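Student: A single structure is presented below for examination.
The values are calculated or read from the model by the stated rules, or taken from the named source; none is laboratory data. Given the structure is predicted, the values throughout are model-derived calculations rather than measurements. Positions of Cβ are generated from backbone atoms using ideal geometry, with glycine treated the same way; all protein chains shown enter the neighbour counts.
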Amino acid sequence: MLKEKQRIAATHIEHSQTQQKEWHDNKLPPVTNNFKVGNKDKPFFIYKILGNGSYKLRLDDKILAKVAHGNRLKHYHSRNNLKPLIPQIGTHSPLVNPEDIP
C-alpha cells in the first residue's frame, strides 16, 4: 500500500516538474545573441553551447557549474580606445575631453 502511494506521488512530481519546465521555457524570450564557443563576455568565455539558449561559461581555468541563459549574456567590447572625460571647473560644460584642454 505504501509503495503504491510512493509510486503515484513520484509520477505526480515528475509530471508537475515537466509542466513547470515547459511553462518556464515558453516564457523565456528568444535568444538573439548567438554566441559561439570562445566568445567573450568579460571576464567569462563561452565554454560549451547546451542548446535552448543556454551556455556553460569558463572563468580563467575554472568551468562554472551553473548554466547561463543567453538573455543574461552580452558580447564584450574592449575599452582600449576609450578616452576619459575630465570635469572642468567654472564652466557650463561639466565634462571635457582631455585633448581639448590648452
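Student: If we keep just the residues of the stretch 52-80 that are among the polar types (S, T, N, Q) and surrounded by 11 or more Cβ atoms within 10 Å (Cβ to Cβ), which is nearest to N26 (Cα to Cα)?
Tutor: The extreme case among them is N52.
Student: Looking at (1) in contact with a Lys or Arg (Cβ under 7 Å, 6 or more places away or on another chain); (2) at pLDDT below 70, find the lone condition where K56 falls short.
Tutor: Of (1) in contact with a Lys or Arg (Cβ under 7 Å, 6 or more places away or on another chain); (2) at pLDDT below 70, only one is false for K56: (2).
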